[in-house]
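> Mind looking over this structure? Questions follow.
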Amino acid sequence: MGIEVVVEGLTMSFGKQNIWQDVTLTLPAGEVSVMLGPSGTGKTVFLKSLIGLLKPQQGRVLINGVDMVGGAERDIYETRKLFGLMFQDGALFGSMTLFDNIAFPLREHTRKREPEIRRIVMERIELVGLLGAEGKLPGEISGGMRKRAGLARALVLDPQIVLCDEPDSGLDPVRTAYLSQLLIDLNARIDATMLIVTHNLDIAATVPDNMGMFFRRNLVTFGPREVLLTSDEPVVTQFLAGRREGPIGMSEEKDAALLAAELVDPANHRPSGPPVIVPQLEPSPGLPPRAAVARRRERVLGMLDSLPPAARAAIRDTYARGAAAPTPSVPRPGSGS
Amino acid sequence: MITGALRQTGRLFALAAEVSRAVFRRPFQFREFIEQFWFVASVTILPAALVSIPFGAVIALQVGSLTQQLGAQSFTGGASVLAVIQQASPLIVALLIAGAGGSAICADLGSRKIREELDAMEVMGVSPVQRLVVPRVLATMAVAVLLNGMVSVVGTLGGYFFNIVLQGGTPGAYLSSFSALAQLPDLYISELKALIFGFIAGIVAAHRGLNPRGGPKGVGDAVNQSVVITFMLLFFVNMVLTGIYLQIVPPKGG
């Protein structure tokens, strides 16, 4: 089972520029979470802070009792072995072939013999669909392939916490859909805690158990996916609809005058029905069910009273639908066909 | 401004301390060390030899001309050899190591940094200092010591050749003044200087390479800075070491 990641009062600034402040959230163990936010709101900085690459000025990130912000360097290095981080452009070692890149963590941290390493690496290469490219150098393949190779490298040690930095950027919609499925399958297979940073709405709508969003140096919200998807927060609705009207401007914030003008413009008042929540992706047929689903159900139903009414209704709705269909905790043979 | 400079200096020393500690951490990256050693050696040997011949010659000619005017031709050999071994040789070695080897190390680490390779390494729980910087610093130190020997020999031979052939000095006087003035500690300090200079060149190159400021242009700037900073440090440290040496080691011809 994955590991819970507890973030408490994290505040980060570069010089005088404040990136975000007082971020507090908990990534529930084994569940998939997505962090949304317009470009330049410090999503990547947040990921790097979780793993201790960047040191926020205040706050703590607790993983297994180790503080990744202010803890001892030795403990942080040890804890990092639990992580798999997929960088935005793969961050592969330019002087090594894909095979050696993916084998790197195994050769560094395990005493496995070469045939064993080869088996594991080829399995991961097949998982991300790169068979045949293992002998190539990172400079010789496309950006999308580099990304997938980066994912394979992140997965090779069977991490307990998987962080993905914009897994979709540079991928076509079809590959993005495959990748979404891959991430869910992965969660079913290894039950790792996962955090995906993205601004891709398809991934956001179908993959996560929990969602959060950054805007204006703050964490707008973080909670079960229904909370964000039914939110009437202007920032959230604007972002999820991909509209121009709303608080998000081209340069992160819009000025107040423009915003006021938009509000009175009748053209901007589109009829908006109740938000439609797309069902979450299921693991591919043949895989075990996600262990996180049952845990999440219990957790979410337990906190139901503290949620806004719209979210409460949506959650009841989701679980009612789930109950009508065969329960997710039982394998459903052949349901994908 | 001042705090910025102090901060950079502090980080440089911190890196030096970290490298010194990581040298003893297992597993030692032997393969990386050999590769870097070979690389640094291959880019510095030929230029070092080519620079040291004329340098030895210039010193021999200058000293020869001066001693001639003073009527002390018989000491030409000793004086020029001491100048070559103690001063010229370690400096030539250090300048070449910094200019040819250090700049390449800095550019290599810098481009890895901006491609996030080093971050990826840290994320996988592997320390870039132990894995990449330590072998490089050890390589520059080892090459510096060995190269210093070669430059001393070539420079001395060059000085000998020019003094005998061009200035009509006598081989006997050259060699006898050599053993009258020079002593073994001169060679020791020369090698010690080379070792320290190699360390400085490696550390500065690694420090600049690990902290490039923003993008490919930043890497170019970092390489530039690493060479300039190394040169300044070298001349300063050389002055200090020479001063200490002259104080504590009694001169032979007394």
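The values are calculated or read from the model by the stated rules, or taken from the named source; none is laboratory data. These figures come from a predicted structure and were not determined experimentally. Using ideal geometry, Cβ is built from the backbone for each residue, glycine included, and neighbour counts are taken over all protein chains shown.
> Would you call A:V162 closer than 16 Å to A:P28 by Cβ, over 16 Å from the mean Cα position of the chain (by Cα) and touching a residue at least 12 places away in the same chain (Cβ under 8 Å)?
no
> Which residues, taken from region B:244-254, are in a helix (DSSP H, G or I) and over 18 Å from the mean Cα position of the chain (by Cα)?
Within region B:244-254, B:I244, B:L246, B:Q247, B:I248 qualify.
> (1) more than 12 Å from chain B (Cβ to nearest Cβ); (2) out of contact with any strand residue (DSSP E or B) (no Cβ under 8 Å at 6 or more places or on another chain): which one isn't true of A:T26, the others all being true?
(2)
> Enumerate the helices (runs of 4 or more DSSP H) found wholly within region B:6-100, keeping only those where 3 or more residues are more than 29 Å from B:A206 (Cα to Cα) and modelled with pLDDT of 85 or more.
B:30-70
For every residue, the table says whether it meets (1) surrounded by fewer than 21 Cβ atoms within 10 Å (Cβ to Cβ); (2) under 30 Å from A:A192 (Cα atoms).
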| residue | (1), (2) |
| --- | --- |
| A:D209 | no, yes |
| A:R225 | no, yes |
| A:P234 | yes, no |
| A:T237 | yes, yes |
| A:R243 | yes, no |
| A:M250 | yes, no |
| A:L258 | yes, no |
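> Is it the case that region B:125-145 has a residue that's at pLDDT 90 or above, closer than 30 Å to B:A180 by Cβ, within 20 Å of the chain's Cα centre (by Cα) and away from every other protein chain (no Cβ under 14 Å)?
The answer is yes; a qualifying residue exists.
> Here are some residues: B:G110, B:G99, B:G77. Which one is crowded, with 24+ Cβ neighbours inside 10 Å and closer than 26 Å to B:L192 by Cβ?
Answer to the selection: B:G77.
> Could you identify the single residue in A:G40, A:G15 that is over 20 Å from the mean Cα position of the chain (by Cα), at pLDDT below 85 and either surrounded by fewer than 18 Cβ atoms within 10 Å (Cβ to Cβ) or away from chain B (no Cβ under 14 Å) (or both)?
After ruling out the rest, the residue left standing is A:G15.
> If you don't mind, there's one more thing I want to ask. When you check A:L50 against the structure, is it crowded, with 16+ Cβ neighbours inside 10 Å and either within 14 Å of chain B (Cβ to nearest Cβ) or of a type in the set (F, W, Y) (or both), yes or no?
For A:L50, the condition - crowded, with 16+ Cβ neighbours inside 10 Å and either within 14 Å of chain B (Cβ to nearest Cβ) or of a type in the set (F, W, Y) (or both) - is met.
> Same structure again: It is to be established whether one or more residues within region A:113-135 are within 14 Å of chain B (Cβ to nearest Cβ) and not charged (D, E, K, R).
No, the conditions are met nowhere in region A:113-135.
> Right, here's the next one. Which of the following residues is crowded, with 22+ Cβ neighbours inside 10 Å and more than 15 Å from the chain's Cα centre (by Cα): B:A120, B:A48?
It is B:A120.
> From B:L195, B:L184, grab the single residue that is in contact (Cβ under 8 Å) with a residue 40 or more places away in the chain and either surrounded by fewer than 19 Cβ atoms within 10 Å (Cβ to Cβ) or touching a Gly at 6+ places or on another chain (Cβ under 9 Å) (or both).
B:L195
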